[in-house]
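Q: The structure's right below; bear with me while I get my questions together.
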Amino acid sequence: MSAVIQARGISRSFGGITVLKDLDMTVHHGEFVAVTGRSGSGKSTLLGILGTLDRDFQGSLHVNGRDTAPMDAETLAALRRETMGFIFQDFHLLPNLSALENVLLPAVFSGRYMEPVEKEAESLLHRLGVRVDATPSRFLSRGERQRVAAARALAGRPMVLLADEPTASLDEASEEILFDLLDSMRREKGFALVAVVHTRSVMERADRVLDLREGVLHHEVIHA
Ligand SMILES: Nc1ncnc2c1ncn2[C@@H]1O[C@H](COP(=O)(O)OP(=O)(O)OP(=O)(O)O)[C@@H](O)[C@H]1O
Ligand SMILES: [Mg+2]
């Protein structure tokens with residue numbers, strides 16, 4: 001089976017404190033990998049490395065079969081655009097743009113804006129239950145903002161969606177609803193999903209659950 005992300009011997013430290021220790025991780029096309037672990041265990045650090053946003057690590061990272069080590073920033077940015085979608089812990093939405101404009105922003109920046117992109121963005125927002133003209137400064141709920149971030153990440157048709165605790169501070173029902181949507185879209189569109197997850201019922205949906213402890217990933221067995 002081919003891998004969309006292959007990380008080998010990843011180590012990362014900050015000011016002499018080692019967060020990730022010689023860690024290996026492979027993400028296959030279309031699978032759902034849940035990453036869990038206590039606060040400060042390095043989950044965001046790991047997703048930043050897998051997402052090619054942080055290059056200050058030791059080890060090797062292949063994305064869609066390509067070695068990222070020799071790539072310059074521009075090549076890496078193009079690879080990221082072609083293969084990845086992100087939902088960040090704090091969403092990174094622009095408060096004065098509408099939901100639709102937020103979703104379309106990456107396409108505008110990368111010069112790929114076309115009318116079909118707008119149609120797709122509208123349909124994603126509709127499916128995720130957000131009004132296209134809502135603006136983050138007027139969003140009623142964190143859940144709504146999070147669904148706009150999800151639509152934006154999916155509008156680029158990623159091969160892999162990296163979601164860093166997209167449901168932090170949401171209640172369990174909202175977490176279930178978001179993952180219902182992400183998981184059914186994953187099955188339909190075939191992207192891989194790597195998500196930081198804490199709720200057991202959501203972990204049960206994943207193909208694999210990896211627990212980050214002491215800088216190393218441990219396979220966790222989840223009993224339904
Ligand atoms: N840019 C940075 N500079 C210095 N230390 C950092 C930096 N980024 C992360 N760290 C440290 O690395 C460790 C892991 O942080 P990280 O954010 O990856 O944890 P996490 O598992 O995502 O935590 P949380 O569940 O709270 O989001 C922490 O001790 C943190 O302080
Ligand atoms: Mg984090």
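Q: To the nearest 10 degrees, how steep is helix 172-189 against the longest Cα principal axis of the chain, on a 0 to 90 scale?
A: That works out to roughly 90 degrees.
Q: What dipole magnitude, in Debye to the nearest 20, does the chain give about its Cα centre under +1 on Lys/Arg Cβ and -1 on Asp/Glu Cβ?
A: Around 140 debye, computed over the chain.
Q: If I fit a long axis through the Cα atoms of helix 142-155 and take the longest principal axis of the Cα atoms of the chain, what angle between them do I get, 0 to 90°, rounded to 10?
A: The angle comes out at about 80 degrees.
Q: Next up: What percent does the relative contact order of the chain come to when contacts are Cα pairs within less than 8 Å and at least six residues apart? Mind showing how you got there, number by number?
A: Working: 416 pairs, mean separation 66.9, N = 224.
For the chain, the relative contact order is 30 percent.
Q: Along the charge dipole of the chain, Cβ charges K/R +1 and D/E -1, which of A99, V130, T83 sits furthest on the positive end?
A: Ranked along the dipole, the leading option is T83.
Q: What's the whole-number percent of alpha carbon pairs in the range 144-224 lying beyond 19 angstrom? Please list the in-between numbers first.
A: On the way: 1203 of 3240 pairs.
When all Cα pairs of the range 144-224 are counted, 37 percent exceed 19 Å.
Q: Once every Cα of the chain carries one equal point scatterer and solvent is ignored, give the base-10 log of I(q)/I(0) from the Debye formula at q = 0.09, 0.14, 0.15 Å⁻¹, two decimals.
A: Debye curve over Cα of the chain, log10 I(q)/I(0) at q = 0.09, 0.14, 0.15 Å⁻¹: -0.35, -0.87, -1.00.
Q: Between helix 99-109 and the chain, what is the angle of the helix's C-alpha long axis to the longest principal axis, kept within 0 to 90° and rounded to the nearest 10?
A: 60 degrees
Q: Using the alpha-carbon centroid of each, what span in Å lies between the range 2-24 and the range 126-155?
A: Between the Cα centre of the range 2-24 and that of the range 126-155, the gap is 33 Å.
Where a number appears in this text, it was derived from the coordinates with a stated rule and is not lab data. Predicted model only: the values in this text are computed from it and were never measured. When we count neighbours, we look across all protein chains shown, and the Cβ atoms used for this are built from the backbone with ideal geometry, even at glycine.
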